[in-house]
Structure formats: structure tokens, C-alpha cells
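One structure is given here, and the rest of the page talks about it.
The values are calculated or read from the model by the stated rules, or taken from the named source; none is laboratory data. As the structure is a prediction and not an experimental result, all values here were calculated from the model. So basically every Cβ, Gly included, is an ideal-geometry build from the backbone, and we count neighbours across all protein chains shown.
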Amino acid sequence: MAEKKTVKSLKPKKERGDKITMLTAYDYPMAKVIDQADIDLILVGDSLGMVILGYEDTLKVTVDDMIHHTKAVVRGAENSLVVADLPFMSYKVSNLAKTVESAGRLVKEGGAQAVKLEGGKELVAEVEAVIKAGIPVMGHLGLTPQSINQLGGYGVQGKNKKAAEKLIEDAKALEAAGAFAIVLECIPTELATEVSKQLSIPTIGIGAGKGCDGQVLVTHDLLGIFSEFTPKFVRKYAKLNQKISSAIKEYKEDVEEGNFPSQKESF
Ligand code: KIV
């Protein structure tokens, strides 16, 4: 049986040139399937706001929401490393104690092994404080959905020289502060490749091309369960929405026509 992965398992993979795999999960059965497929990391993303809770964006997700879903994922993840997102306004506020408390709750109550937060240089003190409390931190740069109102949309980031230089500086600052990995979302391939070369910690890309040390996707996008919108960077490996819909229609018909339950399905 494979061993439980830890944050220490990732850097050697980068050094060997082995790609790192990460997928999102928000519940026990999905975590179990992902874990059994030997995916390195499971992210309990605040994307659950859209994918599971039906919100328009990630902003309404609370620490309690994250804990509820993280607990379920942790029960299904025997080997994969579980990372939970710090939701909007649970950090980046006036005092570091709040950040440490939010991260601590995701680990202590949720059972996550690490937390992820969105932002760069401005978060160095918070990253250091969380790590000092014994909690590994993953960074997230580029398109940071919690800043959607500032960014003005879900477009590609780091496109001009100034923005690209800032992103590289932010990535280096997170590495220096002790982050164990950084998600790079929706940035040009060339920039993501450069960041990956300049850092010794792994980068995990989503819409950031193949030069990253690993890749992450929202599982519900990959499976074709969430179909409200599909970003260009998503590869749909299945169209489960259609399958689920026809199974449910078939069940409805069977009940209405008296074909379910059969004698075999009855006592
Ligand atoms: O919330 C999330 O699912 C994420 C991934 C898109 C990286 O942050």
C-alpha cells in the first residue's frame, strides 16, 4: 500500500522531474476515488462555493464551510496530502492572530495537512506566522479568485512585463517565507515556466501551461459535472452531467410506468 504523502514528498519529485498531480474534492466519495488513483494532493478548494454551494464566486465561503467539507475529504484520503483553502476574509485582515486561528481551525477541526492562501509579498508575515504555528502553507498567484472584484474578471494575469516581474517577485517572497509549493493560475506558459525554473519549491499550474512542476484541475470540471462555464484550460475527460441526467430520467420513467421496483428489488 502507498504511504501517506506529506509536504516533504513534493520537492524530491520536482528535483527528479516527476510531475505532481493535484485535484479538488469536497466530499468523501470523490476524495476516495482520487486517493485510490494515487493523486499526490487533494485540494479542498474554496471553488466549492461555486461547484457545490451554487454561489456566483468564492467570496461567501466561510471557514465553517471549509471545515465541514475538509472533514469529509480527510476521511476518504488515505494517502493523498489534503490541502484546504483559507477562504476570503479569514486572513489578509488586520491581525496575524486571525490568520493563524483560521489556518489552525482547518487543521485542528478539519484535519487538513496544509492550507493554501492567495497573494504574494504582502502576505509574507501571514505565511511566516502560520508556518511558525506548525502548519505548512501553499501559495496561489496569478488569477486569484478571491480578488475577483479587484481583477474585474477571470482573465489571464501577468501578461505585461511589469505584471510578470511582480509575479516572479511574489513567488520568490513566498518561497523565502517558507511556502512548500505555489499554485500558478491562468498566466502565460512562458512566465509559469520561468517561475518554475527560478524556484526550488514546486509550482502547480492551472491554465499556466506545461512548464509547471505539476497540474491541478477542479475535478467537477474535468468530469463534466459542473457545466455552468468551462475555462479554456479545462480538459473534460468525461461528460458525467449527461450520464447523470439520463440515468435520472430513466429512473423517473421506470417509477412512473411501474417498472421500478421489480420483484427482485423487493422484499
Ligand atoms: O479553489 C480552488 O479549487 C482552487 C484551484 C482552482 C487551484 O484554488
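So the values come out like this:
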read-out: Verdict on GLY155 being modelled with pLDDT under 95 and not in a helix (DSSP H, G or I); value: yes
read-out: Conditions (1) touching a residue at least 12 places away in the same chain (Cβ under 8 Å); (2) surrounded by 11 or more Cβ atoms within 10 Å (Cβ to Cβ): number failed by GLU250; value: (1)
read-out: Flag for LYS166 being charged (D, E, K, R) and either more than 22 Å from GLY207 (Cβ to Cβ) or in a helix (DSSP H, G or I) (or both); value: yes
read-out: Test result for LYS121, under 23 Å from TYR55 (Cβ atoms) and of a type in the set (D, E, K, R); value: no
read-out: Residue count, the stretch 75-86 (criterion: surrounded by fewer than 24 Cβ atoms within 10 Å (Cβ to Cβ) and not acidic (Asp, Glu)); value: 3
read-out: Hits in the stretch 142-182 (condition: in contact with a strand residue (DSSP E or B) (Cβ under 6 Å, 6 or more places away or on another chain) and within 14 Å of the ligand (Cβ to nearest atom)); value: GLY142, LEU143, GLN157, ALA181, ILE182
read-out: Test set (1) under 25 Å from VAL82 (Cβ atoms); (2) touching a Pro at 6+ places or on another chain (Cβ under 9 Å); (3) surrounded by 22 or more Cβ atoms within 10 Å (Cβ to Cβ) - GLY178 fails condition number; value: (3)
read-out: Index of the failed condition, GLN146 passing every other in (1) crowded, with 21+ Cβ neighbours inside 10 Å; (2) closer than 16 Å to ILE204 by Cα; value: (2)
read-out: Residue check for ALA114: under 24 Å from PRO202 (Cβ atoms), assigned by TED's automatic domain parsing to the domain that holds PHE180 and surrounded by fewer than 18 Cβ atoms within 10 Å (Cβ to Cβ); value: no
read-out: Among the residues listed as PHE267, PHE229, PHE260, the single one being under 30 Å from THR21 (Cα atoms) and among the hydrophobic types (A, V, I, L, M, F, W, C); value: PHE229
read-out: Test: residue in the stretch 111-120 that is charged (D, E, K, R), under 16 Å from the mean Cα position of the chain (by Cα), outside any loop (DSSP other than H, G, I, E, B) and modelled with pLDDT of 95 or more; value: yes
read-out: Hits in the stretch 21-33 (condition: away from the ligand (no atom under 12 Å from the Cβ) and buried (at least 23 other Cβ atoms within 10 Å of the Cβ)); value: ALA31
read-out: Complete set of residues in the stretch 181-197 that are part of a helix (DSSP H, G or I) and surrounded by fewer than 23 Cβ atoms within 10 Å (Cβ to Cβ); value: THR189, GLU190, THR193, GLU194, LYS197
read-out: Count of the stretch 137-163 residues which are in contact with a Pro (Cβ under 8 Å, 6 or more places away or on another chain) and either within 22 Å of VAL83 (Cβ to Cβ) or small (Gly, Ala, Ser) (or both); value: 3
read-out: Qualifying residues in the stretch 35-62 (those that are closer than 17 Å to MET138 by Cβ and more than 10 Å from the ligand (Cβ to nearest atom)) - the one surrounded by the most Cβ atoms within 10 Å (Cβ to Cβ); value: ILE42
read-out: Lone unmet requirement of (1) farther than 24 Å from GLY142 by Cα; (2) touching a residue at least 12 places away in the same chain (Cβ under 8 Å); (3) acidic (Asp, Glu) for ASP213; value: (1)
read-out: Residues of the stretch 208-228 that turn out to be in contact with a helix residue (DSSP H, G or I) (Cβ under 9 Å, 6 or more places away or on another chain) and either more than 16 Å from the ligand (Cβ to nearest atom) or not in a helix (DSSP H, G or I) (or both), as a count; value: 14
